[in-house]
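One structure below.
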Amino acid sequence: MIKITFCCTGTEPAPWLAGLRAALPQAQVELWQPGTTPADYAVVWAPPQQFFDEQPKLKGIFNIGAGVDALLRLRLPPQAAVVRLEDAGMAVQMAEYVSQAVIRNFRDLETYAADARAGHWTYYKPRQRNEFSVGVMGLGVLGARVAQALTHFEFPVNGWSRSSKALGGVRHFVGAAQFHDFLANSRVLVNLLPLTPETVNILNRDTLSRLQPGGYVINVARGAHLVDEDLLELIKSCHLSGATLDVFRTEPLRPEHPFWREPKITLTPHTSARTLRADSIAQIADKIAALGRGEKIAGIVDAARGY
Ligand code: NAP
Ligand code: GLV
């Protein structure tokens, strides 16, 4: 019998265990406790190192999120495949979150909301859509969906990734060689890169200064992509018009962090694309069943690449 162990910090386990048992009736699915017997597969989110130290036989580690940066920092059983969530209901959430942030900036909705609170009836000159290019960093499962959603609002959309792609309506820039061109051609910057040694601190004074004047930053990937002080400085100097941030170096964001007090920054608590339980269980169960039949599955992380 296949044994599955569940160890997801900060997640109510009961509905996950019930869902996994219903989707994989032939498997034994248990909540991990220190000292329990080794399993074949693990379903995890932010597990302690002790979990992996006690699970030497794992064949697969299923992360209930898209990003695996925290997981790859642990010592993992070398034979185990690390499998991340692919979409599982997150792509449409990310598309709606980023679209609203772009549109909020494009249509000056923040300013209109402040005016309404003050009882002012004021018009502002509309911006030119053709001068409002949005650059999406990372054109994977989430970035590609976001880029395509933005094309429906007829914004000029640029995309940047490591390998070349063909996405309808998206001007594509590839690799380090075209990164500066990508930035110079973008006014709004959306970050949907994985956090890897190559991408840590990638949103910094040098890169953000290359955005067009009035630039706007939307970080929905990981807090460690962004150098916080550099963003604040570029907002203060008015090179950037503001930012929407969903992710932070330390979460929850500490009360004393200056982001809370910068009116041109809109904050949300890492909620732009939530893990949806039913979709995630269905995806993980399908993959475990496929592995059991000896089939290949998608979503296996390349640890050397970091995503
Ligand atoms: P993905 O499918 O693995 O896509 C990653 C994309 O980034 C790919 O297009 C990849 O290029 C590109 N990339 C990676 N390293 C690069 C580099 N050095 N230079 C240029 N491009 C690079 O990942 P995903 O599922 O879209 O998720 C992206 C990230 O979103 C996750 O890692 C996670 O951190 C974050 N996330 C956040 C939330 C939230 O609620 N805030 C929710 C889910 C995910 P290639 O296509 O050429 O490989
Ligand atoms: C959330 O941040 C995820 O990586 O799924």
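Annotations for the structure displayed:
- Taking the convex hull of the alpha carbon positions in the stretch 19-168 and averaging its projected area over all directions gives 14.1 nm².
- If the Kirkwood radius is taken over C-alpha pairs of the stretch 90-267, then at 25 °C and 0.890 mPa s the Stokes-Einstein diffusion coefficient equals 149 µm²/s.
- For the stretch 203-247, the Kirkwood estimate of hydrodynamic radius, built from reciprocal distances between every pair of different alpha carbons, is 10.3 Å.
- A simple spin-label model places pseudo-atoms 7 Å from Cα toward Cβ; at L17 and N130 they are separated by 6.2 nm.
- A Förster distance of 30 Å, applied to the separation of the beta-carbon atoms of E110 and L31, puts the FRET efficiency at 0.10.
- Semi-axis lengths, largest first, of the ellipsoid equivalent to the stretch 150-237 are 21, 16, 12 Å, with √(5λ) applied to each eigenvalue of the Cα gyration tensor.
- Of V247, I235, G294, farthest towards positive along the dipole that unit charges on Lys, Arg, Asp, Glu beta carbons give the stretch 201-307: G294
- Alpha carbon centroid spacing (whole Å) that separates the stretch 244-299 from the stretch 8-76: 17 Å
- Based on the reciprocal of the average 1/r between different C-alpha atoms, the Kirkwood radius for the chain equals 20.9 Å.
- Annotation: amide H of G159 within the under-5 Å range of V136, R171, H172, F173, sequence separation 5 or more or interchain, hydrogens built in the peptide plane.
- Additional length obtainable on full extension of the chain from H180 to R274, 0.36 nm per residue less Cα span: 30.7 nm
- Averaging the sequence gap over all C-alpha pairs within less than 8 Å and six or more residues apart, then dividing by the number of residues, gives the chain a relative contact order of 16 percent.
- Helical content of the chain, expressed as a calculated mean residue ellipticity at 222 nm, amounts to -9000 deg cm²/dmol (DSSP H runs of 4 or more residues, -39,500 (n - 2.57) each, divided by residue number, nearest 500).
- The slack between F259 and H152, meaning 0.36 nm per residue of separation minus the straight C-alpha distance, is 35.4 nm.
- Gain upon complete extension [R73, R162; 0.36 nm per residue less C-alpha separation]: 29.8 nm
- Once C-alpha pairs closer than 8 Å and six or more residues apart are averaged by separation and normalised to the residue number of the stretch 148-230, the relative contact order reads 25 percent.
- Surrounding net charge for L109, when Lys and Arg each add one and Asp and Glu each subtract one, Cβ distance under 13 Å: +1
- Among the GluC sites (Glu not before Pro) within the stretch 78-142, those in coil by DSSP and having at most 16 neighbouring Cβ atoms inside 10 Å are E86.
- Of the peptides 2-11, 176-185, the ranking by mean beta-carbon count within 10 Å, highest at the top, reads 2-11, 176-185.
- For the stretch 113-144 versus the stretch 151-180, the spacing of their alpha-carbon centroids is 19 Å.
- Å³ per residue enclosed by the Cα convex hull of the stretch 77-158: 125 Å³
- Charge tally around L139: other residues with Cβ under 12 Å, Lys/Arg +1 each, Asp/Glu -1 each, net +4.
- Pairs beyond 31 Å (Cα-Cα), from K57/K165; K125/K165; K125/K236; K125/K264: K57/K165; K125/K165
- Highest to lowest packing among 151-159, 233-241, scored as the average C-beta count within 10 Å: 151-159, 233-241
- Helix axis angle, 90-106 relative to the chain longest principal axis, alpha carbon, degrees: 10 degrees
- Using a Förster distance of 51 Å, the FRET efficiency for R305-W121 (Cβ separation, nearest 0.05): 0.45
- Proximal lysines relative to K59, as straight alpha-carbon distance under 17 Å, when same-chain residues fewer than 8 apart are discounted: K3, K287, K296
Only the coordinates and a few stated rules stand behind these numbers; no lab work does. All values derive from a computational prediction rather than experimental measurement. For neighbour counting, all protein chains shown are included, and Cβ atoms are generated from backbone atoms with ideal geometry for every residue, glycine included.
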